[in-house]
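Visitor: Before we start, here is the structure in question, set down as structure tokens.
We did not get these values from a lab; they are worked out from the coordinates using the rules stated. These numbers come from a predicted model, not from an experiment. Neighbour counts are summed over all protein chains in view; Cβ atoms, including those assigned to glycine, are modelled from backbone coordinates with ideal geometry.
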Amino acid sequence: MEEPGHNQYHWFKPVAWIFIPVSTAGYLITLLTLLFCINVFLVIDRHSHSVSDTFYGCFPYFISTLVVFFWIASHTSDHQKS
């Protein structure tokens with residue numbers, strides 16, 4: 001029996017440590033996340049003088065974006081909570 005207010009829509013399927021999109025919304029979230037990270041990389045790399053400049057510039061954006069992505073994926077997956 002589902003908990004009251006529990007999301008019955010499954011956008012992602014958990015596989016090991018990652019989440020695989022299984023719906024249109026899941027694919028859209030994944031695509032937007034990837035496009036944002038690529039855009040951040042290109043903008044920061046354009047003004048960087050070294051690999052470490054690029055890494056330190058991208059790191060906060062990548063981590064915060066991936067945290068939000070994994071939070072959304074974990075709350076819209078079909079993972080059974082016990």
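Visitor: Suppose we filter region 24-73 for residues that are of a type in the set (S, T, N, Q), surrounded by 13 or more Cβ atoms within 10 Å (Cβ to Cβ) and assigned to a helix (DSSP H, G or I); how many remain? Walk me through how you get there before you give the answer.
Guide: First, pick out the residues of region 24-73 that are of a type in the set (S, T, N, Q): 24, 30, 33, 39, 48, 50, 52, 54, 64-65.
Filter again for surrounded by 13 or more Cβ atoms within 10 Å (Cβ to Cβ), leaving 30, 33, 48, 54, 65.
Next cut, assigned to a helix (DSSP H, G or I) only: 30, 33, 54, 65.
Total satisfying the criteria: 4.
Visitor: Among the residues of region 29-39, write down those that are farther than 9 Å from Trp11 by Cβ and aliphatic (A, V, I, L, M).
Guide: Matches in region 29-39: Leu31, Leu32, Leu34, Leu35, Ile38.
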